[in-house]
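What follows is a short report on a single structure.
The values are calculated or read from the model by the stated rules, or taken from the named source; none is laboratory data. As the structure is a prediction and not an experimental result, all values here were calculated from the model. Cβ: placed from backbone, ideal geometry, glycine included. Neighbour counts: every protein chain shown.
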Amino acid sequence: MNDSAPAPATRRVRVRAPELIGKGGWLNTGGKDVTLAELRGKCVVVDFWTFCCINCLHVLDELRELEEKHRDTVVIIGVHSPKFVHEAEHQAVVDAVERYGVEHPVLDDPELDTWKQYAVRAWPTLVVIDPEGYVVAQHAGEGHAHAIARLVEELETEHEAKGTLRRGDGPYVAPEPEPTVLRFPGKALALPNGNLLVSDTTRHQLVELAEDGESVIRRIGSGARGFVDGTAAEAGFSEPQGLALLDDGTVVVADTVNHALRRLDLASGEVTTLAGTGRQWWQGSPTSGPAREVDLSSPWDVAVFGGRVWIAMAGVHQLWAYDPARGTVGVAAGTTNEGLVDGPAEEAWFAQPSGLAATADRLWLADSETSALRWVDLDGTVHTAVGTGLFDFGHRDGPAGQALLQHPLGVTALPDGSVAVSDTYNHALRRYDPATGEVTTLATDVREPSDAVLVGDDIVVVESARHRLTRLRLPEEAVRVEAVAHHTRRAATEVAPGELRLDVIFQAPAGQKLDTRYGPSTRLLVSSTPPGLLRGGEGAGTDLSRVLELDPAVPEGVLHVSAMAASCDDDPANEYPACHVHQQDWGVPVRLTASGTDRLPLVLAGMDE
């Protein structure tokens, strides 16, 4: 199949949707289990996600409009399918559901039972089930909300006519709110007056606390999710995270879900927008220009380095920079490929950078999906201090080449030149000393630390999952912990050595066609870890099918596949058709065996009719 010019969809045997099962049980249902039989008559959208994954968080936001518009006919079911060990903990899933404002039932599937039943290969994956209980579509990646919305409207019409559509409330039951001062705080900043500014992420606000880290001085933001400039009472944020102080005494805020940088005037409380349009950046969008005219993608942290505000652009696996003097923004490092590759800024790969800290000559960063601590020199060269890649993580002290972290979200420069790492999924504060190359543990039992800030001789840790700031004395010597190493729990795909046909399956949604007005509308990028796994077939191209050659001498590794397709409304009468981008990155663990498959199909978007 040549996916750059897909054939019309053919009618297939209808497949009954497998039951939804998971040993962790159900959330947001008032304690009740949910079965597909009970959902008969509804259009069901099953969202396979994991809370470490930025693309999964994008999909949660994409689905909000669908969820609201079709509340009486559509039931969205989240199936939480963990990557990291911490994500298999039930309480961590409970926290994530509240943290990200998930307003539909969620099945906690710690052992990937339902993931396997639906043959899912990537986070996120969306599966649509019709009112009679049959699978009618599957989409991997983000950017598919428009196609699913159109399909839902078709299903509503079809099954209303058949009498098989059932309207009414779904099984969602909202949990009781908790009365805490902070709710899943993200980042903190020490202010010149001695107070602390905290991003109160889940409540869409900033909170200024007194020096004790507990007493509220004021709140900035209405508390309602929104993108609104104005006074402290009027301003709207959407899950704000990173904070940085500028020379003029104002604060830059990484307004993550609004895909924007905001400016807080500490004196007046006024909030304005510095960069971003409120729209998410997609492949093909401008990568530099006037800051208010360029789209961003989930900025997670900010830090001033070399006279610019550097941005951990978690949504596209890059570092960007905002120039306050010129009012411009643009890419500073990274290719948008997800992984761990050092070198010149324009060649480096990152994986969801989420924490930044600047010194005079280094920008330190927490690269969360590779469980890595990395840094950027003044000349833009990228280096790795701790971490090996996307699939290895744990809690192990010792020489940096052997040490392990687990999805760190924050990094803090210490006075002696060392670095504290908020090792989020290990519930620990770690320390890396560049002078010795050693990693040690400063503190344990800090629940999901997402940031830390120096206050005198103390370090104040943002305990995100305990909804508080915790003050610790920096110890003279670190405490060692027993080493624990993990590898991703996803099973490897057994493939035959030699030629392997890779097919990325893309079916343009109904009423759309591939957009070929300006050249090829598809893109495929393939690489591997280790690089020697591929003897042929790596690199970029426009055909979504490709023959790879695997080296029989390399017994196992990971194939990194990135695919993109652009489609537009297929209506000759419409002079300006709406166009949409579909994209997804896969990291596919493979094991070479003589009896393995010689074809690897990956579904970007496909439908049953």
Run Phe350 past the list (1) within 14 Å of Asp301 (Cβ to Cβ); (2) touching a residue at least 40 places away in the same chain (Cβ under 8 Å) and report the number of the one that doesn't hold.
(2)
Quick one: which residue in Leu66, Leu57, Leu126 is within 19 Å of Ser354 (Cα to Cα) and either in contact with a helix residue (DSSP H, G or I) (Cβ under 9 Å, 6 or more places away or on another chain) or among the acidic types (Asp, Glu) (or both)?
Leu57
Hey, can you tell me all the residues within the stretch 48-73 that are more than 14 Å from the chain's Cα centre (by Cα) and surrounded by 23 or more Cβ atoms within 10 Å (Cβ to Cβ)?
Leu63
Looking at the stretch 480-490, is at least one residue part of a loop (DSSP other than H, G, I, E, B), modelled with pLDDT of 70 or more and either exposed (fewer than 13 other Cβ atoms within 10 Å of the Cβ) or assigned by TED's automatic domain parsing to the domain that holds Ala565 (or both)?
no
Of the residues in the stretch 334-379, how many are touching a Ser or Thr at 6+ places or on another chain (Cβ under 9 Å) and part of a strand (DSSP E or B)?
17
Unique match (being assigned by TED's automatic domain parsing to the domain that holds Leu405 and either closer than 28 Å to Gly387 by Cα or of a type in the set (Gly, Ala, Ser) (or both)) among Gly306, Gly276, Gly269, Gly339:
Gly339
Quick check, is Thr388 closer than 22 Å to Pro531 by Cα, of a type in the set (Val, Ile, Thr) and either assigned to a strand (DSSP E or B) or out of contact with any helix residue (DSSP H, G or I) (no Cβ under 7 Å at 6 or more places or on another chain) (or both)?
yes
If you take the residues in the stretch 141-167 that are in a loop (DSSP other than H, G, I, E, B) and modelled with pLDDT of 95 or more, which one is surrounded by the fewest Cβ atoms within 10 Å (Cβ to Cβ)?
Gly163
Over the stretch 427-457, the set of residues modelled with pLDDT under 95, under 14 Å from Leu189 (Cα atoms) and in contact with a strand residue (DSSP E or B) (Cβ under 8 Å, 6 or more places away or on another chain) is Leu454, Val455
Which condition breaks for Trp375 when tested against (1) closer than 17 Å to Ala351 by Cα; (2) touching a residue at least 24 places away in the same chain (Cβ under 8 Å)?
(2)
Given the conditions (1) part of a loop (DSSP other than H, G, I, E, B); (2) surrounded by 19 or more Cβ atoms within 10 Å (Cβ to Cβ), every one holds for Val253 apart from (1)
With the structure loaded, tell me whether Asp200 is modelled with pLDDT of 95 or more, more than 21 Å from the chain's Cα centre (by Cα) and of a type outside the set (Lys, Arg) or whether it fails that test.
no
Here is a list: Gly315, Gly289. Which entry is outside any strand (DSSP E or B), closer than 28 Å to Ser567 by Cα and not assigned by TED's automatic domain parsing to the domain that holds Val382?
Gly315
Looking only at the stretch 168-184, how many residues end up being touching an Asp or Glu at 6+ places or on another chain (Cβ under 8 Å) and crowded, with 21+ Cβ neighbours inside 10 Å?
2
Among (1) polar (S, T, N, Q); (2) more than 21 Å from the chain's Cα centre (by Cα); (3) not in a loop (DSSP other than H, G, I, E, B) - the single one Gln402 does not satisfy:
(3)
